[in-house]
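Asks: Attaching a single structure in structure tokens format; questions to follow.
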Amino acid sequence: MASKLADAQTWDAKDYAHNARFVADLAGEVVAWLDPKPGERILDVGCGDGALTQKLVESGCQVVGIDTSDSLLAAAKARGLDARKADVRELAFDREFDAIFSNAVLHWVREPEKAARSMRKALKPGGRLAVEFGGFGNVAAIATALRACAAANGADPDLASPWFYPTPTEYAAILEAAGFEIERIGLFPRPTPLPTGIEGWLETLRKPFFDQFAGAARQKAKQEVIALLRPSLCDTQGQWTADYVRLRVAARAA
């Protein structure tokens, strides 16, 4: 989002639902940390196609979802949700929400300090923040294989891993500087089975990396990455598992 590398990532609602629905399906813990209550006004940062936003609405909350993808916003609006195009770094809200929720989004934001200040401004005094995203060590094997492929083929290694994966100490300092009080924070290793395998994951989440290759070289590069990953992420039954590590935090606006 904040960098040209992150901006290069585009989303297709159908593709995301097919290859990455597990992202919403595995969000139970961060929703529990949010502890939504009927009547609360909640901002869902990076609402995507609205799968989790809808659950918050069904719990009795008044929810505004924001995202930067037109395709995902269209899918969220098709669910009847209040979904708006907005950047978390530049929110227009001022002390409007009881809580902010976000799942699997903030690692795309390469200006985390700016995002933290913007979220703090959107919260009422004492408002809650409950977010989960990629933490230190997330998809380390995948990123390493992509970098190795880039090095072997004279490609851009920065496109291998455009994400922000902080440690708890690093992210806690960012939130505290923005005016939050940390209630709990931690890293949670979560090996994640991939329903459509590693190829679906790579196409959905690292398409810009492979788009730098022309013609047949694109598929060749992808197969090189898959071959590098197979010994560590694919079991003897052919099941692929991504090496996810999540950072989860609950904080309160001071």
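The values are calculated or read from the model by the stated rules, or taken from the named source; none is laboratory data. Just so it is clear, the structure is predicted and the values come from calculations on it, not from any experiment. Here the Cβ is made from the backbone with ideal geometry for all residues, glycine too, and neighbour counts use every protein chain on show.
Asks: Considering region 88-101 alone, what residues qualify as being of a type outside the set (A, V, I, L, M, F, W, C) and either surrounded by fewer than 18 Cβ atoms within 10 Å (Cβ to Cβ) or at pLDDT below 95 (or both)?
Replies: Matches in region 88-101: E90, D94, R95, E96.
Asks: Residue by residue through region 164-183, note down the ones that are touching a helix residue (DSSP H, G or I) at 6+ places or on another chain (Cβ under 8 Å) and at negative phi.
Replies: Selection gives F164, Y165, P166, Y171, I174, L175, A177, A178, F180, I182.
Asks: What pairs can you find where one residue is in region 204-228 and more than 14 Å from G154 (Cβ to Cβ), the other is among the small types (G, A, S) and surrounded by fewer than 16 Cβ atoms within 10 Å (Cβ to Cβ), and their Cβ atoms are less than 7 Å apart, with a gap of 6+ or different chains?
Replies: Partner pairs satisfying both residue conditions: P208/A8; L228/A148.
Asks: Could you pull out every one of the helices (runs of 4 or more DSSP H) wholly within region 189-254 that has 3 or more residues that are farther than 30 Å from S102 by Cα?
Replies: The helices (runs of 4 or more DSSP H) meeting that bar are 216-233.
Asks: I need a count of the residues in region 137-169 that are touching a residue at least 40 places away in the same chain (Cβ under 8 Å), of a type in the set (G, A, S) and out of contact with any strand residue (DSSP E or B) (no Cβ under 7 Å at 6 or more places or on another chain).
Replies: Count: 8.
Asks: Run L159 past the list (1) in a helix (DSSP H, G or I); (2) closer than 20 Å to E113 by Cβ; (3) in contact with a helix residue (DSSP H, G or I) (Cβ under 9 Å, 6 or more places away or on another chain) and report the number of the one that doesn't hold.
Replies: Going through the list (1) in a helix (DSSP H, G or I); (2) closer than 20 Å to E113 by Cβ; (3) in contact with a helix residue (DSSP H, G or I) (Cβ under 9 Å, 6 or more places away or on another chain), L159 breaks only (2).
Asks: Filter region 198-254 for residues that are in contact with an Asp or Glu (Cβ under 9 Å, 6 or more places away or on another chain), closer than 26 Å to G186 by Cα and either modelled with pLDDT under 95 or of a type in the set (K, R) (or both) and give the result.
Replies: Matches in region 198-254: R246, R248, R252, A254.
Asks: In addition: Would you list the strands (runs of 3 or more DSSP E) that sit entirely within region 1-87 and hold 2 or more residues that are buried (at least 18 other Cβ atoms within 10 Å of the Cβ) and modelled with pLDDT of 85 or more?
Replies: Answer list for region 1-87: 41-45, 62-67.
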